[in-house]
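The values are calculated or read from the model by the stated rules, or taken from the named source; none is laboratory data. Keep in mind it's a predicted model, so treat the numbers as computed, not measured. Glycine gets a Cβ as well: all are built from the backbone with ideal geometry, and neighbour counts include every protein chain shown. Heavy atoms of the whole protein, side chains included, go into the accessibility calculation; ligands, DNA and RNA do not. Shrake-Rupley method; radii C 1.70, N 1.55, O 1.52, S 1.80 Å.
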Amino acid sequence: MSDTIIRGEDKTIIALVNIGDSRDISTATEVLAVLKDRSRSNTTENGDTITCVDSGDADWRAGKVAVPYTTAQTAALDTGCGYELELKITIGGKVRKGFSADLVDVYDSDS
């Protein structure tokens, strides 16, 4: 599956996470998300690092993270396909890092 971001439009990506055997990340003190190319290299981030909160479309107790991109943030993204959403979740002072199972494609509105 894939998610699509159109440059210059608001977009919220929903990602489901597991930490160990549990989806519950309600005790997280920080959840950050960034798009990376499929090589998962530290040097290939696409756009801003997004700070996620447990409100709106999110439900951290159920492991549902909402990653809200604003119009300005999507306008600054590079087009291409095959990005992955990297999540960094801080629980109990430890950072847990993982990738969404869905790819994220970025397109111009006239594509």
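Of the residues making up region 39-50, those that are out of contact with any Asp or Glu (no Cβ under 6 Å at 6 or more places or on another chain), more than 14 Å from Lys97 (Cα to Cα) and of a type outside the set (A, V, I, L, M) number 5. Beta carbons closer than 7 Å, at least 6 apart along the sequence or on distinct chains, pair a first residue in region 48-68 that is touching a residue at least 24 places away in the same chain (Cβ under 8 Å) and more than 17 Å from Asp10 (Cα to Cα) with a second that is among the aliphatic types (A, V, I, L, M) and in a loop (DSSP other than H, G, I, E, B) for Trp60/Ile25; Trp60/Ala28; Gly63/Val17; Gly63/Ile25; Lys64/Ala58.
Yes or no, residue by residue, for (1) open to solvent by 30 Å² or more (accessible area, probe 1.4 Å); (2) modelled with pLDDT of 90 or more; (3) part of a strand (DSSP E or B):
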{"position": "Arg61", "(1), (2), (3)": "yes, yes, no"}
{"position": "Val65", "(1), (2), (3)": "no, yes, yes"}
{"position": "Ala72", "(1), (2), (3)": "yes, yes, no"}
{"position": "Cys81", "(1), (2), (3)": "yes, no, yes"}
{"position": "Leu87", "(1), (2), (3)": "no, yes, yes"}
{"position": "Thr90", "(1), (2), (3)": "no, yes, yes"}
{"position": "Arg96", "(1), (2), (3)": "yes, yes, yes"}
{"position": "Phe99", "(1), (2), (3)": "yes, no, yes"}
{"position": "Ser109", "(1), (2), (3)": "yes, no, no"}
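With the requirement that a residue be part of a strand (DSSP E or B), over 15 Å from Asp102 (Cβ atoms) and among the β-branched types (Val, Ile, Thr), what does region 8-33 give you?
Step one: of region 8-33, the residues part of a strand (DSSP E or B) are 11-16, 19, 22, 30-33.
Of the ones still in play, those that are also over 15 Å from Asp102 (Cβ atoms) are 19, 22, 30-32.
If the condition is that a residue be part of a strand (DSSP E or B), over 15 Å from Asp102 (Cβ atoms) and among the β-branched types (Val, Ile, Thr), then Ile19, Val31 are the ones that fit.
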